[in-house]
Amino acid sequence: MAIGGVQINNLNLMQGPLNEVERYFLYIGAGTKNQGKVLTVDNGTDFDELLGTEDSTLKTQLIAARQNAGQNWGAVVYVLATGEDWDKAVDICMPQVTVETIVVTEAISAKTDLEAMHAKAQDIMGEYQRPLFFIAASRKIDTDSEDWSTYVTEQKKLTDGIAGNQVMVVPTLWGHDQGTLAGRLCNRAVTVADSPMRVATGPLIGEWGEKPVDMDDREIDMSILRELDSARFSVPQWYPDYDGMYWADGNMLDVEDGDYQTVENLRVVQKVMRRIRPLAIARIADRKLNSTPASEASNKTYFMRPLFEMSHSTEVLGTVFPGEVQPPEDEDITITWPTRDAVELFVVVRPYNSAKSITANIALDLV
């Protein structure tokens, strides 16, 4: 004998959209208004009202970032209180906001500042499992006492010997350099896989006509910018007889043979990290993930989801606009079981090549 019964369960297969953190930056700098506060800003924000009418490095970089990011820009701002340092500000902000990048607008004074930023990025990863990177700024040239040779020599001391693949540093040459790069990295016309060097993104927006000079009134030139670039600074550049100002590589302070010497490589991998994590959390103690061949095959597809989504390409009038990464292959996800209740995932991310140096060889046919 039995009593009939029906039970209906709502199964959550975790197929919803994943949050986008990319292009959302935290700016930390000194100001005279709203000190010690976490503020949100966008394209319509009045910075004079929010940060005060006085000129400040923080406001200068935010204006440059907004101009170069274009549509749908948004950011978080923390105004340092008097005597407060950026390290404490980061600790205050991290429980409140999730961002891709932290932009410290006050110029660093020693290589220990860069080491501290890399260490802070590691601390944040350890505490919040939140991958991010820092954009630092170095000081302007002292036009009363320095020529370009002296300035470059002093600047190179800051990055010499530093191994920090989650830190990039921008020298303050025109004054709004750091904000310009930060904005360019947030431009939604391109992806996180695109280098800030990309010329098709358009020229840099802002006041670039007057070139900075040294104590001898010598204007900055490409030889100086190349020297800073070779020291792993991220700098603007121009092309002779080609209108507009552009950017060079977004250099990270990675080691000589590291995979993350340029920002686009780091951003792509960190984006995959952010999207793999919630998928992994949803599989904790779920027996759908087990050591049988059928389960491993199913879960390879499950964990490939971020790679599939990031690999979507679009073809317009015969021109293919590639996705952020190449479409994943079966062997790009490996699942191993070091113990019966612990799983390790190995994920391969394949970005596309990008030509940053083009040589044209012209031959004459006289036959």
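The values are calculated or read from the model by the stated rules, or taken from the named source; none is laboratory data. Because the structure is a prediction, the values reported are computed rather than measured. Here Cβ is always computed from backbone atoms with ideal geometry, including for glycine, and neighbour counts include all displayed protein chains.
Counting only helices (runs of 4 or more DSSP H) that fall entirely inside segment 53-156 and contain at least 3 residues that are touching a residue at least 24 places away in the same chain (Cβ under 8 Å) and out of contact with any helix residue (DSSP H, G or I) (no Cβ under 7 Å at 6 or more places or on another chain), the qualifying elements are 86-93, 111-128. Select from segment 240-260 the residues that are touching a residue at least 12 places away in the same chain (Cβ under 8 Å) and in a strand (DSSP E or B) and list them in ascending order. Once the filter is applied, which keeps residues that are touching a residue at least 12 places away in the same chain (Cβ under 8 Å) and in a strand (DSSP E or B), segment 240-260 yields ASP243, GLY244, MET245, TYR246, TRP247, ASN251, LEU253.
Scan segment 266-281 and tell me whether some residue there is not assigned by TED's automatic domain parsing to the domain that holds LEU185 and not in a helix (DSSP H, G or I). No: segment 266-281 contains no residue that is not assigned by TED's automatic domain parsing to the domain that holds LEU185 and not in a helix (DSSP H, G or I). Pairs are defined by a Cβ separation below 9 Å, a sequence spacing of at least 6 or placement on different chains, a first member in segment 337-351 that is more than 27 Å from VAL268 (Cβ to Cβ), and a second member that is surrounded by fewer than 12 Cβ atoms within 10 Å (Cβ to Cβ) and aromatic (Phe, Trp, Tyr); no pair meets this definition. Can you name the residue in segment 147-182 that is of a type in the set (A, V, I, L, M) and within 14 Å of ALA65 (Cα to Cα) and, of all such residues, is surrounded by the most Cβ atoms within 10 Å (Cβ to Cβ)? By that ranking, first place goes to LEU181.
Please count how many residues of segment 1-46 are of a type in the set (Gly, Ala, Ser) and exposed (fewer than 15 other Cβ atoms within 10 Å of the Cβ). So the count comes out to 6.
State whether one or more residues within segment 290-310 are in a loop (DSSP other than H, G, I, E, B) and under 30 Å from ASP194 (Cα atoms). Checked segment 290-310: at least one residue is in a loop (DSSP other than H, G, I, E, B) and under 30 Å from ASP194 (Cα atoms).
If only one of LEU18, LEU39 is assigned to a strand (DSSP E or B) and in contact (Cβ under 8 Å) with a residue 24 or more places away in the chain, which one is it? Every option except LEU39 fails the conditions. The residues of segment 94-116 that are under 17 Å from ALA182 (Cβ atoms) and over 18 Å from the mean Cα position of the chain (by Cα), listed by number, are GLU106, ALA107, ILE108. Residue check: HIS176 meets all listed conditions (1) farther than 12 Å from VAL235 by Cα; (2) out of contact with any strand residue (DSSP E or B) (no Cβ under 9 Å at 6 or more places or on another chain) but one, namely (1).
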